[in-house]
1. Search segment 12-24 for residues that are surrounded by 23 or more Cβ atoms within 10 Å (Cβ to Cβ) and pair each with any residue that is of a type outside the set (A, V, I, L, M, F, W, C) and not in a loop (DSSP other than H, G, I, E, B) when their beta-carbon atoms are under 7 Å apart and the residues are at least 6 apart or on different chains.
2. Output the strands (runs of 3 or more DSSP E) that fall wholly within segment 1-63 and possess 3 or more residues being of a type in the set (A, V, I, L, M), or say none.
3. Going by the structure shown, is Leu84 of a type in the set (A, V, I, L, M, F, W, C), surrounded by 12 or more Cβ atoms within 10 Å (Cβ to Cβ), closer than 13 Å to Phe26 by Cα and modelled with pLDDT under 90?
4. Does Ala91 qualify as being small (Gly, Ala, Ser), modelled with pLDDT of 75 or more and outside any loop (DSSP other than H, G, I, E, B)?
5. Identify, by number, the condition in (1) of a type outside the set (S, T, N, Q); (2) modelled with pLDDT under 90; (3) closer than 15 Å to Thr18 by Cα that Gly64 doesn't meet.
6. Within segment 116-123, is even one residue modelled with pLDDT under 90, surrounded by 11 or more Cβ atoms within 10 Å (Cβ to Cβ), under 25 Å from Glu5 (Cβ atoms) and over 17 Å from the mean Cα position of the chain (by Cα)?
7. Starting from segment 39-51, take each residue that is polar (S, T, N, Q) and list its partners that are assigned to a strand (DSSP E or B) and crowded, with 17+ Cβ neighbours inside 10 Å, counting only C-beta distances under 6 angstrom and pairs at least six apart or across chains.
Amino acid sequence: MTGRELFPIIHCADLPATCAFYERVFRAVQTYRFPETGEPAYLVLQVGDGQLGLGVGTTAALYGDTPLPATGHAVDLCVYVEDLPAVVEAARRSGAAVPLDAQDMPWGETVAYVRDPEGTMLLVVQSGQE
């Protein structure tokens, strides 16, 4: 059996702020919340055709360790968008760091790098066909 879907989860120190960032910058929509009332411990966001999980990363997970929010980055999340300049501007308005402004790449895409509130590096890409 092979995998059929990759579903990243970001462990957050400030889940509400990180959720608000993805809603503002990428027009993410919450599709799941646990628990249903009170402070959420876990959210699922629909971002275009993909999904992203956000979980509280300050307590021990099922495997026993506390998954610390990003303090640097070992993984880049790649997000394809239709309007890269608008996304970069929305990220800036949200107070996000933009380590690399939009640049055209020789393979035909335009890319930028943005950091979410947890420090996760986002490779934001606009395809040359759009």
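1. Cys12/Thr18; Cys12/Gly55
2. Here the list reads 42-47, 50-56.
3. no
4. yes
5. All conditions pass for Gly64, except number (3).
6. No, segment 116-123 contains no residue that is modelled with pLDDT under 90, surrounded by 11 or more Cβ atoms within 10 Å (Cβ to Cβ), under 25 Å from Glu5 (Cβ atoms) and over 17 Å from the mean Cα position of the chain (by Cα).
7. Sorted first by the residue in segment 39-51, then by its partner, the pairs are Gln51/Val44.
The values are calculated or read from the model by the stated rules, or taken from the named source; none is laboratory data. Quick caveat: nothing in here was measured; it's all calculated off a predicted structure. We place every Cβ from the backbone using ideal geometry, glycine too, and count neighbours over all the protein chains shown.
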